[in-house]
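K.L.:
Got a structure for you, written out below as structure tokens; questions coming shortly.
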Amino acid sequence: MAMLPPQAGTAVDIGARDGFISMALADRGVSVTALDLEQPAIHDPRITCVKGDATALDFADGSFELVFCAEVLEHIPSVLLETACAELARVARRHLLIGVPYKQDLRLDRSTCSNCGKTNPPWGHVNRFDEKRLSELFAGCRIAQTSFVGQTSEVSNFLSTRLMAAAGNPYGTYGQDEPCIHCSAALATPVARTLADRCLDQSCRAGP
């Protein structure tokens, strides 16, 4: 909230979910449109809820003084990421407020789908971001300010990643809401684990 521009009369909250940010914006007197892949069920007369896709926004150029988009871009298929960012910039009249994981090691906390057997990145995050990548994606925008929230030093390496995969990725983010990125099945925690599996995952937990 501290990063919000002081005089944003209209805003769209991309990936609004339960409306936490949308309602916070409305509390500041902003006229808010809440958008998600399924129409948000936000029961607040100050907020207009719409169904939409960040890769093809059904709004005219410069429709909103502020475009807010957090916890979204890391989930968009990589081939559509540039399109989505161009759409966000297109409908923003003055301000874009973007939130993404910073330099996330996507080899950590992977999961294995019990339905198709393929590997999934943690939390369904298929994109990795740093300053250079964001500058490329929003090349027509000027960076006004940057803020970092939280910090982690967790990293992995090639060997640990291969061993963990061979063990079935038992410590993956199986509690996530996001389904398998390959077959769309819900991810389920592995139940049957052999002695060999346990030896493999203990080997990769020994150190980065």
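K.L.:
Tell me yes or no: at least one residue of segment 109-116 is out of contact with any Phe, Trp or Tyr (no Cβ under 6 Å at 6 or more places or on another chain), open to solvent by less than 50 Å² (accessible area, probe 1.4 Å) and not hydrophobic (A, V, I, L, M, F, W, C).
P.N.:
yes
K.L.:
Okay, next question. If you check every pair at least six apart or on different chains, which have Cβ atoms under 6 Å apart with a residue in segment 103-116 that is over 12 Å from GLY175 (Cα atoms) first and a residue that is assigned to a loop (DSSP other than H, G, I, E, B) and hydroxyl-bearing (Ser, Thr, Tyr) second?
P.N.:
That search, which allows pairs on different chains as well, returns ASP105/SER156; ARG107/SER156; LEU108/SER156.
K.L.:
For segment 67-84, which residues satisfy the criterion of being more than 14 Å from the chain's Cα centre (by Cα) and more than 18 Å from ARG17 (Cβ to Cβ)?
P.N.:
The answer is VAL79, GLU82, THR83.
K.L.:
Right, something else. Among the residues of segment 39-85, which ones are open to solvent by 50 Å² or more (accessible area, probe 1.4 Å), closer than 27 Å to ARG128 by Cα, touching a residue at least 12 places away in the same chain (Cβ under 8 Å) and not in a loop (DSSP other than H, G, I, E, B)?
P.N.:
LYS51, ASP53, ALA56, HIS75, SER78, LEU80, GLU82, THR83
The values are calculated or read from the model by the stated rules, or taken from the named source; none is laboratory data. Predicted model only: the values in this text are computed from it and were never measured. All Cβ positions, even for glycine, are placed from backbone atoms using ideal geometry, and neighbour counts span all protein chains on display. Ligands, DNA and RNA are excluded from the accessible area calculation, which covers all protein heavy atoms including side chains. Shrake-Rupley method; radii C 1.70, N 1.55, O 1.52, S 1.80 Å.
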